[in-house]
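The next block holds one structure in the form of structure tokens; read it before the comments.
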Amino acid sequence: MNTENRKIYSCVVEYKPLIYPVLLYALGLLIGTVIFKVSEINQFESIFKTLFDSEDLLTLFLNRLSIYCGLYLFSVLFGMCIIGFPVIYIIPVITGFVIAFKTAYFYSNYSVKGIGYSLLLIIPEAAVYITLLIFTVSKSFDLSKKLLKETVNKTDMTQDINLKSYLKYYVLLFILAVLIAFINSLIIFLFQGLISL
């Protein structure tokens with residue numbers, strides 16, 4: 001193996017905890033797009049009205065907060081569970097699926113305008129939130145594996161795990177999730193008049 005290949009390999013190994021969630025998110029995007037294409041659009045009309053059509057900012061914010069924090073909390077809970085590390089990767093798939101569905105809905109209903117709506121209402125939200133979620137999933141995967149290793153080996157790894165640093169990290173990301181939910185709700189509230197659902 002030459003030096004260039006060795007560098008690439010070591011880079012992949014180092015960033016593996018972040019690469020897997022990104023690939024699974026892309027898989028979710030693909031699955032969401034395919035399922036939307038073969039399904040009936042009108043059966044999802046009421047869901048999209050709930051997500052994007054609300055008269056007050058508080059309802060939009062609570063809606064977004066429940067979605068964001070729900071996925072976030074599942075990521076954290078799987079991280080604190082010894083069998084959580086293989087299951088945790090379902091979360092980026094679900095997130096990709098939902099984002100693909102929303103984007104496909106806008107495109108199928110509004111064609112070229114739908115791309116603009118997606119760029120305004122979905123893509124910024126997705127880019128920021130999926131970044132936060134990927135870091136959460138990566139950290140939770142690491143914690144879950146360490147907990148499993150400690151349980152199987154019956155060794156004390158409290159110094160390796162340092163639960164306090166994990167909790168600080170989780171609290172910081174939770175605050176960011178709430179902030180993202182509020183900013184996204186505000187954007188949708190300000191621009192929802194452009195879209196007639």
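The values are calculated or read from the model by the stated rules, or taken from the named source; none is laboratory data. Only a predicted model underlies this, so the values are computations on that prediction, with no experimental measurement involved. FYI the Cβ positions are ideal-geometry reconstructions off the backbone, even for glycines, and counts take in every protein chain you see.
Would you point out which residue out of Val76, Val22 is at pLDDT 85 or above, surrounded by 12 or more Cβ atoms within 10 Å (Cβ to Cβ), in contact with a Leu (Cβ under 9 Å, 6 or more places away or on another chain) and of a type in the set (Val, Ile, Thr)?
Val76
Scanning for something aromatic (Phe, Trp, Tyr), under 17 Å from Lys145 (Cβ atoms), in contact (Cβ under 8 Å) with a residue 24 or more places away in the chain and in contact with a Lys or Arg (Cβ under 7 Å, 6 or more places away or on another chain), does the stretch 81-90 turn up at least one residue?
The answer is yes, given that some residue of the stretch 81-90 is aromatic (Phe, Trp, Tyr), under 17 Å from Lys145 (Cβ atoms), in contact (Cβ under 8 Å) with a residue 24 or more places away in the chain and in contact with a Lys or Arg (Cβ under 7 Å, 6 or more places away or on another chain).
What do you reckon, is Lys139 without any contact (Cβ under 8 Å) to a residue 60 or more places away in the chain and within 24 Å of Leu167 (Cα to Cα)?
In short, no.
What are the pairs with Cβ atoms under 8 angstrom where one residue, in the stretch 167-190, is farther than 13 Å from Arg64 by Cα and the other, located anywhere, is assigned to a helix (DSSP H, G or I) and of a type in the set (Lys, Arg)? Sequence gap at least six, or different chains.
Correct list of pairs: Tyr169/Lys139; Tyr170/Lys139.
Taking the stretch 96-116, which residues are surrounded by 22 or more Cβ atoms within 10 Å (Cβ to Cβ) and out of contact with any helix residue (DSSP H, G or I) (no Cβ under 6 Å at 6 or more places or on another chain)?
Matches in the stretch 96-116: Lys102 only.
Of all the residues that make up the stretch 49-69, how many are exposed (fewer than 15 other Cβ atoms within 10 Å of the Cβ), of a type in the set (D, E, K, R) and at pLDDT 75 or above?
So the answer is 1.
Let me spell it out: the conditions are (1) surrounded by fewer than 16 Cβ atoms within 10 Å (Cβ to Cβ); (2) β-branched (Val, Ile, Thr); (3) over 21 Å from Phe61 (Cα atoms), and Thr136 meets all of them except one. Which number is the exception?
It fails just one condition, (1).
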